[in-house]
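Contents: one structure, followed by commentary.
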Amino acid sequence: MDQIIDKTKPVMVTGASGYIANWIVKLLLEAGCTVHGTVRDPDNEKSVGPLKKIAAAAPQGTLKLFKADLLDKGSFDAPMAGCEVVMHTASPFVVRGFKSAHEALIRPAVEGTRNVLEAANRTASVKRVVLTSSVAAVYGDCADMKKIPRGFFTEDDWNFSSSEDHQPYSYSKFLAEKEAWKIHDAQNRWRLVTINPGMVGGPALTRASASTSIDTMRALGNGRLWPAVPSMRLAWVDVRDVAQAHVEAAFRPDAEGRHLITNGEPTMLEIARILRKHFGSGYKFPLFEMPKFIIKWFAWVIDSSATPKFVEQNSEHPLKFDNSRSKQRLGLQYHPLEQTFVDHFKQLLDDGLIRRK
Ligand code: NAP
């Protein structure tokens, strides 16, 4: 059923200081919207400064910042007042460097989703919630593909292999999206539309983000993955397409359901080859793939998230997603991935985040 959204009403964006959210805010402001962006610390110039710059460059829109924390129940009521659209992007995207996966990932993802959606239940103006979920809610390991008879993942699939001990970030996204659908199904005023992006690449407008996206692209150029990488595929997509998907999901009258936002599943070595072709051999791009039986036993020494089980279930496996629903229902026209990686690496160089070897 069609649902008309009033674009003159403010749009709320949680976690506005994030890598993806910066681009969403930019698109909304350029479209003349009023954005209520939530941040944890409005006085932190490092994360809020880039948002102010985005707003200054798009004077046709208006940005208002509010302080809110995923674990602070009532903190989303004030920014949500008067909004028809709520975009919930805030959630930690880290895969290492924490003691407790539950506290670092699962609690903020699930409790945060609950707090935001319960605020939507209390706010009569809300008609639509766009949730930044992930392909991680759709699948856990590449090896899961063996159990999918059609040979590729679609919006019908759910992650069945992640847990608090194995791929906890993916598990947090699975639990958070499930929680969102549960809260959605118990009411009938607002509609839930989910955006399920693959690994996001492309230029960042902020240097403050702790997103694993940015860390992964840096690792490809700063020597952390030199000389060898596992033979591992990820679904990738451009950050600008992910932001566009959120805007389409917010305003299209007939938007509903889940949307895989992916544009190919290159290996790490294929990405490194693209970067070498464009930027030359002055950087420590990985040179070859290491067989699984070797990488399995020492990868975790370099990277605590690369456990033997992770390598076993993800290295040397095929991976494929069907993105046709995003094209048909959201009208997405994807940036070529080559451009995504080149633009991202260029931004890292321009910002001095990668140096020549
Ligand atoms: P990001 O730059 O790290 O953004 C995450 C945002 O979440 C930040 O704005 C952060 O706010 C906020 N946040 C974290 N913990 C919070 C808390 N307790 N209370 C309030 N805010 C909190 O990461 P991103 O890559 O843009 O990710 C944004 C969303 O996209 C996440 O939901 C992530 O799961 C999803 N996603 C990302 C990718 C990807 O490849 N990047 C792929 C699929 C889905 P502060 O600035 O205050 O820290």
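Per residue, the accessible area of the stretch 1-94 comes to 44 Å² when a 1.4 Å probe rolls over the protein heavy atoms. Per-atom-type breakdown for the chain gives carbon and sulfur 53% of the accessible area (1.4 Å probe, protein chains only). Accessible surface ranking for Phe341, Phe174, 1.4 angstrom probe, highest first: Phe174, Phe341.
Might you tell me the accessible area per residue for the stretch 262-357, computed with a 1.4 Å probe and given in Å²?
Per residue, the stretch 262-357 has 53 Å² of solvent-accessible surface.
Can you tell me how the chain classifies by the Cα gyration tensor, rounded, prolate or oblate, using a/c under 1.5 as the rounded cut?
Details: a/c = 1.69, a/b = 1.40, b/c = 1.21.
It is prolate, given that a/c is not under 1.5 and a/b is the larger ratio.
Could you please put Lys46, Lys99, Lys327 in sequence from largest to smallest accessible area, using a 1.4 Å probe? Please report the intermediate quantities before stating the final value.
On the way: Lys46 140, Lys99 210, Lys327 105 Å².
Final ranking, largest accessible area leading: Lys99, Lys46, Lys327.
In the assembled protein chains, Tyr334 presents an accessible area of approximately 40 Å² (probe radius 1.4 Å). For the stretch 209-292, trypsin sites (Lys or Arg not before Pro) meeting the loop criterion (DSSP other than H, G, I, E, B) and having at most 15 other Cβ atoms within 10 Å: Arg224. With a cut-off of 9 Å between beta carbons, the residues surrounding Gly223 carry a summed charge of +3, where Lys and Arg count +1 and Asp and Glu -1. Could you work out how far the C-alpha centroid of the stretch 219-259 sits from that of the stretch 324-357, in angstrom? The two parts, judged by their Cα centres, are 9 Å apart. Can you classify the stretch 127-236 as rounded, prolate or oblate using the Cα gyration tensor, where a ≥ b ≥ c are the square roots of its eigenvalues, rounded means a/c under 1.5, and otherwise it's prolate if a/b beats b/c and oblate if not? Oblate, because a/c is 1.5 or more while a/b does not exceed b/c. Note on exposure: Ile106, Ile4 ranked by accessible area (1.4 Å probe, complete protein assembly) read Ile4, Ile106, with the most exposed listed first.
For the stretch 267-337, rounded, prolate or oblate, judged on the Cα gyration tensor with a ≥ b ≥ c (square roots of eigenvalues), a/c < 1.5 rounded, else prolate if a/b > b/c? Oblate shape, in that a/c is at least 1.5 and b/c is the bigger or equal ratio. Only lysines eight or more places from Lys53 in sequence, or on another chain, were considered; those with a Cα closer than 27 Å are Lys7, Lys9, Lys26, Lys64, Lys67, Lys346.
For Glu338, the shell of other residues with beta-carbons less than 11 Å away shows a net charge of -1, using +1 for Lys and Arg and -1 for Asp and Glu.
Tell me the relative contact order for the stretch 11-350 as a rounded percent, counting alpha carbon contacts under 8 Å between residues six or more apart.
Numbers: 710 pairs, mean separation 63.1, N = 340.
Computed value for the stretch 11-350: 19 percent relative contact order.
Note on Glu118: accessible area approximately 70 square angstrom, rounded to 10, probe 1.4 Å, nucleic acids and ligands left out. Taking the convex hull of the alpha carbon positions in the stretch 13-62 and averaging its projected area over all directions gives 2.9 nm². Charge tally around Met1: other residues with Cβ under 15 Å, Lys/Arg +1 each, Asp/Glu -1 each, net +3.
Based on Cα contacts under 8 Å between residues 6+ apart, the stretch 62-203 shows a relative contact order of 29 percent.
The values are calculated or read from the model by the stated rules, or taken from the named source; none is laboratory data. Predicted model only: the values in this text are computed from it and were never measured. Cβ sites come from the backbone with ideal geometry, for glycine too, and all protein chains shown count toward neighbours. Just the protein is used for accessible areas: all its heavy atoms, side chains included, with ligands, DNA and RNA removed. Shrake-Rupley method; radii C 1.70, N 1.55, O 1.52, S 1.80 Å.
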